[in-house]
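In what follows, a structure is listed as structure tokens, so that the remarks can point back to it.
The values are calculated or read from the model by the stated rules, or taken from the named source; none is laboratory data. Since we're looking at a predicted model, the values are computed, not measured. Backbone-built Cβ (ideal geometry, glycine too); neighbour counts: all protein chains shown.
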Amino acid sequence: MKNFSAFSRCLLLAAFALLITGASLSAQSSNVVEKARYFLSVEQMPDASRFLPNPPVNGSDAFCLDSLVYEQGKVLRGTPRGEQAVRDAKTKIDIVMKRFGAVMERDFTPENYPVTADFLFRTITTARLTVTTAKDKFHRMRPYQYFNEPTPVPEKEAKDDFTSYPSGHTIRFWMAALTLAALDPAHQDDILKVGYELGQSRTIVGFHFQSDIDAARLAASAAYARLSADRAWQKAFRRAQREMARKH
């Protein structure tokens with residue numbers, strides 16, 4: 001009976017130990033999954049605040065060009081191109097995939113391409129880290145704030161959101177274009193054209209100056225170069241590549 005009691009105590013202790021270990025492992029797994037949404041940390045990604053020039057100052061030739069592009073964009077509002085620009089203000093992965101899928105000749109949805117969707121989401125989310133510090137450093141007013149005019153996306157307007165330079169939407173869109181062009185080279189030109197148009201949509205709705213867009217494309221290229229050197233990213237790219245080839 002004493003032996004049985006001792007054995008029972010051992011079982012209870014073992015069960016308790018397993019419970020604690022399991023909880024610990026579960027917490028670790030949760031942390032790993034959470035961190036895995038980014039391939040690299042903001043410290044590991046290029047810092048656009050260190051290699052981009054300052055945004056154009058008021059009165060400069062470059063700012064005059066920014067102003068002209070803004071005025072040209074306003075003319076397009078209310079046209080089919082302007083309506084597309086409003087739709088392009090959304091960055092959810094399913095909407096982005098549908099936009100590119102139209103020229104890739106695929107029913108390109110997260111349901112049909114789950115591996116590629118996850119890879120693309122993680123890629124553009126990580127790329128966005130490249131401009132985190134830059135937006136705070138340059139603290140640039142958005143066009144609609146500077147000109148004190150309404151936009152066709154009023155729900156996105158904010159009086160104190162001085163983060164125009166570089167464009168966060170554009171770095172996501174151009175990063176998506178670079179990545180998808182590598183995954184589907186047969187449609188690379190059309191993919192890159194869509195990526196370009198997505199960036200220009202930000203000038204049409206009045207949320208970014210042209211120089212914000214140009215700077216974001218440069219930042220996206222820097223982000224792509226850094227990620228392409230990361231082994232985890234390379235492995236995920238190959239998995240997406242296989243899925244794309246299998247469902248062609």
Go through segment 169-201 and report how many residues are more than 18 Å from His248 (Cα to Cα) and either buried (at least 19 other Cβ atoms within 10 Å of the Cβ) or among the β-branched types (Val, Ile, Thr) (or both). 16
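Given the options Thr151, Thr130, Thr179, Thr163, name the one that is touching a Pro at 6+ places or on another chain (Cβ under 7 Å) and either in a loop (DSSP other than H, G, I, E, B) or more than 15 Å from His208 (Cα to Cα) (or both). Before the answer, list the steps.
Numbers: Thr151 fails: touching a Pro at 6+ places or on another chain (Cβ under 7 Å); Thr179 fails: touching a Pro at 6+ places or on another chain (Cβ under 7 Å); Thr163 fails: touching a Pro at 6+ places or on another chain (Cβ under 7 Å).
Just a single option satisfies the conditions, and that option is Thr130.
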Do the conditions hold for Thr91, that is, is it surrounded by fewer than 18 Cβ atoms within 10 Å (Cβ to Cβ) and β-branched (Val, Ile, Thr)? yes
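Is it the case that segment 124-143 has a residue that's among the basic types (Lys, Arg) and modelled with pLDDT under 95? Show your work before the answer.
Going through segment 124-143, the residues among the basic types (Lys, Arg) turn out to be 128, 135, 137, 140, 142.
Applying the additional criterion that residues be modelled with pLDDT under 95 yields none.
Checked segment 124-143: no residue is among the basic types (Lys, Arg) and modelled with pLDDT under 95.
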